[in-house]
1. Could you tell me whether the stretch 587-604 includes any residue that is farther than 23 Å from His832 by Cα and modelled with pLDDT of 90 or more?
2. Got at least one residue in the stretch 238-261 being assigned to a helix (DSSP H, G or I), open to solvent by less than 20 Å² (accessible area, probe 1.4 Å) and acidic (Asp, Glu)?
3. Based on this model, can you work out whether Trp704 counts as more than 51 Å from the chain's Cα centre (by Cα) and not charged (D, E, K, R)?
4. I'd like to know if the stretch 793-803 contains one or more residues that are buried (at least 22 other Cβ atoms within 10 Å of the Cβ) and under 53 Å from the mean Cα position of the chain (by Cα).
5. Residues that are part of a helix (DSSP H, G or I), in contact with a strand residue (DSSP E or B) (Cβ under 7 Å, 6 or more places away or on another chain) and free of Cβ contacts under 8 Å to residues at least 60 places away in the same chain: does the stretch 851-869 have at least one?
6. Name the single residue that is modelled with the highest pLDDT among those in the stretch 804-820 being closer than 27 Å to Ser855 by Cβ and open to solvent by 20 Å² or more (accessible area, probe 1.4 Å).
7. Among the candidates Lys370, Lys384, Lys321, Lys331, which residue alone is open to solvent by less than 90 Å² (accessible area, probe 1.4 Å) and among the basic types (Lys, Arg)?
8. When Gly379 is evaluated against the numbered criteria (1) at pLDDT 85 or above; (2) closer than 25 Å to Asp826 by Cβ; (3) touching a Phe, Trp or Tyr at 6+ places or on another chain (Cβ under 8 Å); (4) small (Gly, Ala, Ser), which criterion, by number, is the only one it fails?
Amino acid sequence: MAESVELPGRLAILPFRNKVLLPGAFIRIRCTSHSSVKLVEQELWQREEKGLIGILPVRDAAEMTSMDSVLSQGVGSESGERSSKVQISTSDAHKVDGKSHPEVIHWHKRGVAARALHLSRGVEKPSGRVTYIVVLEGLCRFNVEELSTRGPYCTAKISSLEMTKAEMEQVEQDPDFVTLSRQFKATAMELISVLEQKQKTGGRIKVLLETLPLHKLADIFVASFEMSLEEQLSMLDSVDPKVRLSKATELVDRHLQSIRVAEKITQKVEGQLSKSQKEFLLRQQMRAIKEELGDNDDDEDDLAALERKMQSAGMPSNIWKHAQRELRRLKKMPPQQPGYNSSRVYLELLADLPWQKASEEQELDLKAAKDRLDCDHYGLSKVKQRIIEYLAVRKLKPDARGPVLCFVGPPGVGKTSLASSIAAALGRKFVRISLGGVKDEADIRGHRRTYIGSMPGRLIDGLKRVAVCNPVMLLDEIDKTGSDVRGDPASALLEVLDPEQNKSFNDHYLNVPYDLSKVIFVATANRVQPIPPPLLDRMEVIELPGYTAEEKLRIAMQHLIPRVLDQHGLNSEYLQIPEAMVKLVIQRYTREAGVRNLERNLAALARAAAVRVAEQEQAVSVSKDVHKLASPLLDNRLAEGAEMEMEVLPMGVNNNEISTAFKISSRLVVDEAMLEKILGPPRFDDREAADRVATPGVSVGLVWTNFGGEVQFVEATAMIGNGELHLTGQLGDVIKESAKIALTWVRARAADLKLAPAEEKNVLQGRDIHIHFPAGAVPKDGPSAGVTLVTALVSLFSQKCVRADTAMTGEMTLRGLVLPVGGIKDKILAAHRHGIKRVILPERNLKDLVEVPASVLSNLEILLAKRMEDVLEQAFDGGSPWRQHSKL
């Protein structure tokens with residue numbers, strides 16, 4: 001152990017962050033920073049045994065606030081001593097992303113002189129940086145009089161705080177000191193006895209206790225305990241031996257009591273354990289800890305709380321009896337039994353379900369509901385009218401059963417958001433159940449509790465989440481359910497959507513009837529065809545075919561643009577998109593039934609504006625309260641400490657908030673050139689149809705897809721061959737049959753239509769026909785391309801071009817009759833989007849034009865055809881030149 005040493009008037013200072021070295025204690029540090037390496041080289045490595053340095057604790061400014069009150073108590077009032085700290089600011093802080101982050105560092109005014117007991121030098125690879133590992137021994141306390149820099153590290157003018165031998169002898173005669181010494185020694189011996197039983201290392205400590213002065217031993221004992229930084233600093237500031245002994249006795253006694261409490265808890269737990277209850281260890285330890293703290297309250301027992309929760313759930317009487325039976329069974333089961341957790345989870349589900357709790361519906365105001373629907377959605381008058389009708393019935397008969405509405409339409413037309421608006425208009429909670437890709441019946445009815453990992457179905461889980469029994473429940477993508485060996489979810493939905501059956505819906509996991517009759521179900525689908533007929537029969541189908549260009553424009557101006565600007569942190573002061581530019585985006589960059597791609601393109605414009613705004617960011621100058629330092633003190637002069645590598649302290653000026661402001665020189669107004677720069681060249685143009693049908697053998701058809709109506713070009717060409725028909729374009733069986741019917745009809749009428757010389761009755765003599773449907777990666781099927789195929793073949797054989805402004809749809813028979821087809825509204829909207837001016841429809845589809853918006857019909861010429869000859873008459877310029885020769 002170190003003897004008393006004579007300190008020089010000035011010492012090199014090595015700062016320790018959040019760590020204190022006490023006299024007589026040892027610490028191992030690793031030095032890697034430039035300043036600490038230079039300090040070790042010059043003060044310890046070169047001077048060898050004679051080298052001394054000072055260890056000074058430092059604290060961040062943020063940490064000082066919480067400890068000022070603790071440090072201000074410092075030492076006893078007899079000596080008049082107080083803990084003090086030096087506040088130092090530096091501008092040499094760590095830099096992040098090129099910006100300086102000022103910081104205030106507080107240096108403790110008292111430190112400990114230390115000498116090196118061991119030094120080892122190393123070189124890091126591949127950087128070649130020199131590092132030192134140093135073992136330091138604390139010697140004695142000192143007080144900092146003045147702090148300054150010396151090369152790369154700090155030095156301090158100090159004064160020793162050690163007592164002289166005469167002063168120490170005088171203190172040892174003090175009765176208070178003698179009493180404190182005996183008390184400390186007794187407590188220390190008791191702690192050593194406990195440690196001897198646990199670690200068998202008390203022999204060496206006893207030797208120290210008998211040989212060292214007690215005021216020095218106090219520092220050594222305390223340094224071996226786990227203490228907070230505030231307590232370590234308090235010990236460092238205790239220059240008076242009596243104060244130091246008093247604090248050391250308190251810390252030793254506290255450490256002794258913690259060991260005894262831990263032993264007591266361990267003994268309690270070990271007495272209750274058996275070999276088969278190892279998994280019960282943590283629970284028993286927690287119980288013993290609660291008993292020791294006096295926090296064991298039987299009233300708050302989990303099962304008692306669960307029972308109270310079940311009583312307040314409002315279950316029907318038959319279900320309450322079932323729940324009580326399950327609860328009694330649970331109370332008899334030990335917690336470690338395998339079925340305990342599953343039974344408890346089941347009872348918690350029964351308690352959480354909303355058996356009686358319902359949303360408090362506001363008084364129905366039809367005008368307010370209509371205004372809400374108009375505010376949320378543009379157009380969709382038929383859908384809104386149906387919702388208002390339901391609300392009117394609810395107002396006259398509050399207990400009326402709700403309809404099961406099924407919104408069918410392409411993506412992006414607002415089916416899901418419309419269901420949310422219905423909930424808002426009714427004042428009910430909204431829950432969405434996604435059925436896309438569901439193939440397991442258990443997703444609807446739940447798993448039986450006998451299975452591992454069983455859980456309730458999605459319907460019961462959704463009701464648990466919204467915590468009311470009468471929400472608006474959206475069954476999203478109901479047309480995309482599948483079936484396999486695990487069952488058919490669509491069949492399970494038959495019970496859910498039947499008002500006569502869902503009042504006692506039986507979930508396999510719940511195993512008790514649950515009333516779903518108060519739930520308003522709304523379903524969405526892209527197509528009607530995949531939905532099984534029995535399930536479709538239980539729903540009221542409302543079609544949402546898509547939006548016209550004018551409707552898209554209104555939706556963009558009223559809904560999409562404000563939402564996009566808000567999502568990108570912009571407003572109309574930064575970005576303005578005129579109506580004319582929105583029209584160009586609709587015409588040239590989006591041809592869809594919905595508005596999702598339109599919103600994506602508007603978002604691209606908003607992102608470009610956001611980049612411009614961010615680039616014009618200008619920082620406001622720092623507040624005048626921040627002053628430059630008078631001296632470059634501690635320019636990155638901090639070192640490492642403790643058992644691990646200590647980080648270098650970022651030091652700088654006082655923290656001040658730096659505000660930023662965006663200065664926009666002018667509003668960004670979107671024009672046509674900006675559209676092409678951001679969105680790229682136009683994807684669509686009105687000349688596409690004219691360019692495609694510029695050669696004979698090409699006609700324009702109208703088809704229906706999951707994404708709404710589309711324009712479909714049909715190309716036919718002839719080549720030398722043996723009269724065979726080739727079909728390409730990933731076609732289905734129905735459309736292949738339509739192509740064969742079309743070719744048969746043309747061959748049968750070839751002579752009448754003057755498609756072949758009189759002596760050649762076979763138009764396929766010596767040649768093959770190849771019919772192709774472009775966009776070969778897209779599957780195509782259906783009968784509505786029959787008239788389009790005939791028109792393309794007649795154009796090919798006659799070498800006359802079809803009118804570029806004309807599109808057609810309709811199924812044909814072998815005798816040339818034109819039959820009606822579906823999806824008329826979608827197809828006409830698609831023709832309008834593509835700039836088509838004339839549409840040929842089957843005569844029997846005249847009734848379907850009622851659903852087409854008047855604004856669209858006013859821009860189109862609708863031509864009705866009863867027979868195939870009527871189609872040919874309208875499809876070519878000047879009518880059919882061979883019609884006069886036809887015998888039909």
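1. Step one: of the stretch 587-604, the residues farther than 23 Å from His832 by Cα are 603-604.
Next cut, modelled with pLDDT of 90 or more only: 603-604.
Yes.
2. Taking every residue of the stretch 238-261 in turn, none turns out to be assigned to a helix (DSSP H, G or I), open to solvent by less than 20 Å² (accessible area, probe 1.4 Å) and acidic (Asp, Glu).
3. Working: more than 51 Å from the chain's Cα centre (by Cα): no; not charged (D, E, K, R): yes.
Considered against the rule, which asks whether it is more than 51 Å from the chain's Cα centre (by Cα) and not charged (D, E, K, R), Trp704 comes out as no.
4. Scanning the stretch 793-803, I find no residue that is buried (at least 22 other Cβ atoms within 10 Å of the Cβ) and under 53 Å from the mean Cα position of the chain (by Cα), so the answer is no.
5. no
6. Among residues in the stretch 804-820 that are closer than 27 Å to Ser855 by Cβ and open to solvent by 20 Å² or more (accessible area, probe 1.4 Å), the one modelled with the highest pLDDT is Pro820.
7. Working: Lys370 fails: open to solvent by less than 90 Å² (accessible area, probe 1.4 Å); Lys321 fails: open to solvent by less than 90 Å² (accessible area, probe 1.4 Å); Lys331 fails: open to solvent by less than 90 Å² (accessible area, probe 1.4 Å).
That would be Lys384, the only listed residue that is open to solvent by less than 90 Å² (accessible area, probe 1.4 Å) and among the basic types (Lys, Arg).
8. (1)
The values are calculated or read from the model by the stated rules, or taken from the named source; none is laboratory data. Just so we're clear, the structure is a prediction, and the values are computed from it rather than from any experiment. Neighbour counts run over all protein chains shown; Cβ positions are idealised from the backbone, glycine included. These area figures cover heavy atoms from the full protein model, side chains too; ligands, DNA and RNA do not enter into them. Shrake-Rupley method; radii C 1.70, N 1.55, O 1.52, S 1.80 Å.
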